[in-house]
Amino acid sequence: MNNELFDTLYKDVMKMLREKLPANLFYHSPEHTMDVIRASERIAISEKCSPAEVLLIKTAALFHDTGYVQDMREHEKSGCEIVSRMLAPHGIPKPEIDIVCNLIMATKVPQEPKSKLEKIVCDADLDYLGRDDYFSIAENLRREFSAFDKVKDEKDWIQLQVNFLQSHSYFTETSIRERQPGVISNLKKIKEAVIG
């Protein structure tokens, strides 16, 4: 894997996501993928990963939601099939593809990452929970959940968010330091809005 190949794959994957993702995926969008790539690179560099590791992490971030174009329920598994199909013709060895697949599978909620790289990808995938733009991104998720009948009403959605934020914890020192305080703050804002 090299930067030139990543750039080529990036163009191909973004084209695929824009053309093939269901229109009612308001959260799991090309913008989310770009956001996770940026966050994964930032965290990986902060966690002192090698350039080769950063590239593997960015590749996993690029492909982590591609499975939504094939299978909504098992999208991580489908993402692994897509990444194998797209990387193998470029001569990427199977052990390297397997690492990328393990990173994709680690993003499955509830997250249970085992390696340092898996922890980074997991934190990048949910980086927004501790940011100032949390509420606008969460609104996209609410719209998506509503479209797929995953939440009944506003009360159901708020309870889901409160439970998720209360139970969420980051895995890397970088995200614990830079994002966990934001999670606590965002949770407090939700509770204050509900109480009035």
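Residues in the stretch 89-96: is at least one closer than 28 Å to Glu173 by Cβ and in a loop (DSSP other than H, G, I, E, B)? Within the stretch 89-96 (the criterion being closer than 28 Å to Glu173 by Cβ and in a loop (DSSP other than H, G, I, E, B)), the answer is no, since none of the residues qualifies.
Selection of the stretch 1-29 for residues being part of a helix (DSSP H, G or I) and over 17 Å from Val83 (Cβ atoms) yields Asn3, Glu4, Arg18, Glu19. Each residue in the stretch 147-172 was checked for being in contact (Cβ under 8 Å) with a residue 24 or more places away in the chain, over 18 Å from the mean Cα position of the chain (by Cα) and closer than 30 Å to Ile45 by Cα, and 0 pass. If you go through the stretch 30-87 one residue at a time, how many are assigned to a helix (DSSP H, G or I), among the acidic types (Asp, Glu) and crowded, with 18+ Cβ neighbours inside 10 Å? Looking only at that region, the number is 3. The set of residues in the stretch 29-58 that are in contact with a His (Cβ under 8 Å, 6 or more places away or on another chain) and either more than 24 Å from Ile92 (Cβ to Cβ) or not aliphatic (A, V, I, L, M) (or both) contains only Thr33. May I ask you to list the residues in the stretch 100-117 that are over 16 Å from Thr172 (Cα atoms), buried (at least 18 other Cβ atoms within 10 Å of the Cβ) and of a type in the set (Val, Ile, Thr)? Selection gives Val100, Ile104. Among residues of the stretch 99-111 being among the β-branched types (Val, Ile, Thr) and either part of a loop (DSSP other than H, G, I, E, B) or closer than 20 Å to His28 by Cβ (or both), the one that is farthest from the chain's Cα centre (by Cα) is Val100.
Select from the stretch 48-71 the residues that are without any contact (Cβ under 8 Å) to a residue 24 or more places away in the chain and farther than 23 Å from Lys119 by Cβ and list them in ascending order. If the condition is that a residue be without any contact (Cβ under 8 Å) to a residue 24 or more places away in the chain and farther than 23 Å from Lys119 by Cβ, then Gln70, Asp71 are the ones that fit. Could you please give the count of residues in the stretch 112-137 that are under 11 Å from the mean Cα position of the chain (by Cα), over 16 Å from His28 (Cα atoms) and in a loop (DSSP other than H, G, I, E, B)? Total meeting the criteria: 0. The lone criterion from (1) more than 25 Å from Asn24 (Cα to Cα); (2) crowded, with 17+ Cβ neighbours inside 10 Å left unmet by Glu96 is number (2).
Read-outs: derived from the displayed coordinates by stated rules, not from any lab. All figures in this text were calculated on a predicted structure; none of them were measured in a lab. Heads up, the Cβs are rebuilt from the backbone with ideal geometry, glycines too, and the neighbour counts pull from every protein chain shown.
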